[in-house]
Amino acid sequence: MNYLAHLHLGGQRPGQWLGSLYGDFVKGRLQGQYDPEIEAAIQLHRSIDVFTDRHPLVDTALSRFSLTRRRYAGIVLDVFFDHCLARDWTLYAERPLALFTSDVYRVLSTEPQLPERLARIAPYMVADDWLGSYREFEVLEQVLRGISRRLTRPEELAAAMPELRRLYEPLSEDFRLFYPQLQNFAQSHPAR
């Protein structure tokens with residue numbers, strides 16, 4: 001799962017949103033350096049990642065990618081699943097996506113102590129509506145290109161869009177089957 005899904009699954013309070021994002025930026029053991037609500041959301045983020053990585057439906061989705069793309073298929077799938085969530089938001093959330101994202105952006109914009117890398121990207125995330133823009137499939141190309149700049153073999157990820165176009169329907173069905181199970185897992189998680 002990528003940013004939008006983690007935010008959606010992590011809870012509806014500002015501390016939960018922060019922790020849901022921090023999960024991608026804070027590594028190692030949590031030892032009270034953050035508010036307990038933020039640390040609980042980081043733990044939930046990590047548990048969601050483990051649940052996702054071990055789920056048979058995700059294995060099925062990953063197996064759809066060509067062997068040349070398999071190394072980065074998990075990244076591509078995370079981004080695509082955020083697209084599916086944004087595209088079908090009304091099926092999974094009660095509040096409109098624009099209201100949800102504006103609340104998250106407000107919290108991000110007013111938090112003075114973001115982890116260093118998140119602090120660098122948060123202004124861009126807010127200004128360019130990263131979360132809401134996932135609705136548009138073509139935006140994924142920019143997202144994947146941005147991620148590829150941090151990789152040692154970026155060409156495999158940067159060239160993923162034709163394969164995503166070809167796999168659009170089967171991967172969308174994988175998401176439709178998987179996401180409700182992930183929602184149930186997150187709802188029942190003790191860190192919530």
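Only the coordinates and a few stated rules stand behind these numbers; no lab work does. Please read all numbers here as calculations on a predicted model, not as lab measurements. Cβ atoms come from the backbone with ideal geometry, glycine included; neighbour counts cover every protein chain shown.
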>> Just to be sure I understand, if you calculate Rg and Dmax of the Cα atoms in Å for this structure, which of [x] 23.7, 76; [y] 24.4, 99; [z] 16.0, 46 do you get?
In response: [z]
> What nm distance separates the two modelled labels at Asp24 and Asp129, each placed 7 Å from Cα along Cα→Cβ?
Replying inline: 1.9
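Placing unit charges on C-beta atoms (Lys and Arg positive, Asp and Glu negative, everything else neutral), compute the dipole magnitude of the chain about its Cα centre in debye, rounded to 20. Walk me through the intermediate numbers first.
Working: 23 positive and 25 negative charges, 89 e Å.
That gives a dipole near 420 debye.
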>> What does the charge count around Tyr179 come to, taking other residues whose C-beta lies under 14 Å from its C-beta (Lys +1, Arg +1, Asp -1, Glu -1)?
In response: -3
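List the DSSP H helices in the chain whose Cα atoms stretch 15 Å or more along the helix axis and whose mean Kyte-Doolittle hydropathy is at least 1.0.
Numbers: long enough: 36-53 (26 Å, -0.02); 73-87 (20 Å, 1.14); 97-110 (20 Å, 0.86); 116-127 (18 Å, 0.37); 168-188 (30 Å, -0.70).
The answer, listed by residue number, is 73-87.
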> Ranked highest first by average number of other Cβ atoms within 10 Å, how do 113-121, 97-105 line up?
Replying inline: 97-105, 113-121
> Quick one: Cα centre-to-centre distance for segment 170-188 and segment 83-110, in angstrom?
Replying inline: 17
> What relative contact order, as a whole-number percentage, does the chain give when Cα pairs under 8 Å and 6 or more residues apart are counted?
Replying inline: 29
